[in-house]
1. Would you check if residue 59 is out of contact with any Lys or Arg (no Cβ under 7 Å at 6 or more places or on another chain), more than 28 Å from residue 36 (Cβ to Cβ) and either open to solvent by less than 30 Å² (accessible area, probe 1.4 Å) or part of a helix (DSSP H, G or I) (or both)?
2. If the Cβ limit is 7 Å and pairs must be 6+ apart or interchain, which residue in region 30-54 that is free of Cβ contacts under 8 Å to residues at least 40 places away in the same chain pairs with which residue that is open to solvent by less than 60 Å² (accessible area, probe 1.4 Å) and of a type in the set (Ser, Thr, Tyr)?
3. Give the residue, chosen from 119, 151, that is basic (Lys, Arg) and over 18 Å from the mean Cα position of the chain (by Cα).
4. State all residues of region 134-144 that are under 14 Å from the mean Cα position of the chain (by Cα) and open to solvent by 50 Å² or more (accessible area, probe 1.4 Å); if no residue qualifies, say none.
5. Restricting the search to region 145-154, which residues are surrounded by fewer than 15 Cβ atoms within 10 Å (Cβ to Cβ) and either modelled with pLDDT of 95 or more or touching a Ser or Thr at 6+ places or on another chain (Cβ under 9 Å) (or both)?
Amino acid sequence: MIPAIFLRYLERWSDTDEVPKMLEVMLKSLEDENVDVRSNGSLSLAVVIRNSMLGKIETLQKRFHRRIRKLALPPRSSAEYEKTLRLRHGAVLGLISLARTYPFTVPEWMPPLIESLAKFATEPNPIASSVRAFGQEFTRNHQDNWHADSKLFNEDQTLALSTIVSGTSYYA
């Protein structure tokens, strides 16, 4: 619903401070208590960025990486564990939404982003399941043109993508 409202009124809001307010509302949805709200917020954010805010990708990427660095997971027995996991999941979903802005192409910033997402493939759920679902979506969207897209990834980045898709081996 938010992307429809946002895109409909974007032209009217271009001179006001309403656009940053709407963006903040969408970013807040990534921190919601409900996993489904966070997941749908990530999809909505990707749609809005793709259609109107491609210039903000680098800024948002830095914001999400800073957020993740600040939110180290405490032990499961800690009272802060659930809140930290939720906020960390929201930041990872933010990175995923940035990657979803280009569903069929690979801009130069995408391979390093995918490499950084691979670090979260082994974290507790819902983080790991969101990263793996994105990895499967990415490979499905890029399978037709993978012979060209694969040249944009170095060896470590290709390994990171395969880690996201298939997970890590017990024997590795």
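1. Details: out of contact with any Lys or Arg (no Cβ under 7 Å at 6 or more places or on another chain): yes; more than 28 Å from residue 36 (Cβ to Cβ): no; either open to solvent by less than 30 Å² (accessible area, probe 1.4 Å) or part of a helix (DSSP H, G or I) (or both): yes.
When the stated conditions are applied, residue 59 does not pass them.
2. 37/29
3. Values: 119 fails: over 18 Å from the mean Cα position of the chain (by Cα).
After applying the criteria, what remains is 151.
4. Going through region 134-144, the residues under 14 Å from the mean Cα position of the chain (by Cα) turn out to be 134-138.
Hit for region 134-144 is 136, nothing else.
5. Going through region 145-154, the residues surrounded by fewer than 15 Cβ atoms within 10 Å (Cβ to Cβ) turn out to be 145-148, 150-152, 154.
Hits for region 145-154 are 145, 146, 150.
Here's the yes/no breakdown for (1) open to solvent by 30 Å² or more (accessible area, probe 1.4 Å); (2) at pLDDT below 95:
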site	(1), (2)
86	yes, no
89	no, no
96	no, no
101	no, yes
108	yes, yes
112	yes, no
123	yes, yes
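The values are calculated or read from the model by the stated rules, or taken from the named source; none is laboratory data. Because the structure is predicted, anything quoted here is derived from the model rather than measured. For neighbour counting, all protein chains shown are included, and Cβ atoms are generated from backbone atoms with ideal geometry for every residue, glycine included. Only protein heavy atoms, including side chains, enter the accessible area calculation; ligands, DNA and RNA are left aside. Shrake-Rupley method; radii C 1.70, N 1.55, O 1.52, S 1.80 Å.
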